[in-house]
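Peer 1: Supplied in C-alpha cells, the structure appears directly below.
Every number in this text was worked out from the coordinates using simple rules, so none of it is lab data. All values reported here derive from a predicted model rather than from experimental measurement. Cβ: placed from backbone, ideal geometry, glycine included. Neighbour counts: every protein chain shown.
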C-alpha cells in the first residue's frame, strides 16, 4: 500500500549553510498516527515546516510526496489545498478574535451542508469551545487554546493533520484530554503526524514512531517496539536502567545502540 506521505533523503538548510535536516527519510501511512520524538534542537519543527512549505526554497535536496504527488518547494497555500493542515507549537490563533470567529476562519472558502456538520463535530469533540464561543482566544487557558487550534484545523477537513508539541505547557489532565481527542480524530479516519517531546504520551496513542536526533532519524519502529527499546526507555521514557547504585547514583551511561 502506497504511503500517504513519503519523504526521501531531504536536506533542509538555514541561511544556505547550516544543516537542520540531513538526508532524512520517513513514511506516513494513511489513517494512522505517526509520532516523531526527539530532544530540543533535533529538527522536529523544521521537519513539519519543510513539509508544509513554510521554509522558502526548502528542502534543498530530496523528495516529498503526498498522495503520490511531489510537493517539495510548493507554496504553502498549494500544499494546504492538497489537505495538509499544520498546527504550530504556538497554535497560530488570532488572539484578538473570539473562539467562534477563529473557528469560522477554519471554514473559510467552504460551502454546503458539510460545514455545519463539521462545526457540530468539532464542538462535540471539544465541548468547552461551545461554552467559550464569545470569549477572546487570548483569554483562554493553554489547554483551551490547543483545543481551539485543533478544532479549527479539523474544519479544514485535513487528509494529514500535523501537530507540533500539542502537550507543551499543559497540565497532565488537560494533555490527556487533548490526546484523547487525537485518538478520536484518528479513529474517524484522519492521518496524524505528531511531533512531541512527551514520548510516553505520544507512543501511548501512536501506531508507529521515529526517533530524531541532530536532523536525522536514528531509530524507527512500531510504538510497541519503541516502548520496549532499552535506549528509548532510558533516554525518552525516563525508566532508567540497571546501572544505578543503591544510593541512586548512575555508575556509567549506557551506550546507545544507534
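Peer 1: Tell me, what are the semi-axes, in whole angstrom and largest first, of the equivalent ellipsoid of the range 78-194 as set by the roots of 5 times the Cα gyration tensor eigenvalues?
Peer 2: 19, 17, 14
Peer 1: Let me ask something else about it. Rounding to the nearest 10 and keeping the result within 0 to 90°, find how far the Cα-based axis of helix 142-154 lies from the longest principal axis of the chain.
Peer 2: Taking the Cα atoms of the chain, the angle to 142-154 is about 70 degrees.
Peer 1: Let me ask something else. If eta is 1.306 mPa s and T is 10 °C, what Stokes-Einstein diffusion coefficient results for the range 102-142, Kirkwood Rh from Cα pairs, in µm²/s?
Peer 2: Answer from the Stokes-Einstein relation: 142 µm²/s.
Peer 1: Rg to Rh ratio, the range 118-160, alpha-carbon atoms and Kirkwood radius?
Peer 2: Across the range 118-160, the Cα-based Rg/Rh ratio is 0.96.
Peer 1: Here is a further query. Put a dot 7 Å past each Cα toward the Cβ at residue 200 and residue 138; how far apart are the dots in nm?
Peer 2: Calculated label separation equals 3.6 nm.
Peer 1: Could I ask something else about it? Once a ≥ b ≥ c are taken as the square roots of the eigenvalues of the Cα gyration tensor of the range 61-126, is the result rounded (a/c under 1.5), prolate (a/b larger than b/c) or oblate (a/b not larger than b/c)?
Peer 2: Because a/c hits 1.5 or more and a/b exceeds b/c, the range 61-126 counts as prolate.
Peer 1: Enter the angle in degrees (range 0 to 90, nearest 10) between the Cα long axis of helix 113-125 and the first principal axis of the Cα atoms of the chain, meaning the one along which they spread out most.
Peer 2: Approximately 50 degrees, to the nearest ten.
Peer 1: For the range 157-215, what does the equivalent ellipsoid look like in terms of its semi-axes, each the square root of 5 times an eigenvalue of the Cα gyration tensor, given largest first in whole Å?
Peer 2: Semi-axis lengths for the range 157-215 are 17, 16, 10 Å.
Peer 1: Also, I was wondering about something else. Which value, in Å to one decimal place, does the Kirkwood hydrodynamic radius take for the range 31-82 when every pair of different Cα atoms is included?
Peer 2: Final number for the Kirkwood radius of the range 31-82 is 12.0 Å.
Peer 1: Okay, moving on. Top mean-square fluctuation among 204, 142, 151, Gaussian network model of the chain, C-alpha springs under 10 Å?
Peer 2: It is 204.
Peer 1: Sticking with this one: In square nanometres, what is one fourth of the surface area of the convex hull spanned by the alpha carbons of the chain?
Peer 2: Average projection, Cα convex hull of the chain: 15.6 nm².
Peer 1: To the nearest 10 degrees, how steep is helix 172-187 against the longest Cα principal axis of the chain, on a 0 to 90 scale?
Peer 2: For helix 172-187, the angle is close to 70 degrees.
Peer 1: Sticking with this structure for a sec: Looking at the chain, send over the antiparallel percent of its DSSP beta bridges, to the nearest 5.
Peer 2: The antiparallel proportion sits near 55 percent.
Peer 1: Here's something else I'd like to know. What's the Kirkwood radius of the range 1-135 in Å, using all Cα pairs?
Peer 2: Its Kirkwood hydrodynamic radius stands at 17.0 Å.
Peer 1: If I take the Cα coordinates of the range 1-52 and project them onto the principal axes, what are the three extents in Å, biggest first?
Peer 2: Here the Cα extents, ordered largest to smallest, are 37, 21, 17 Å.
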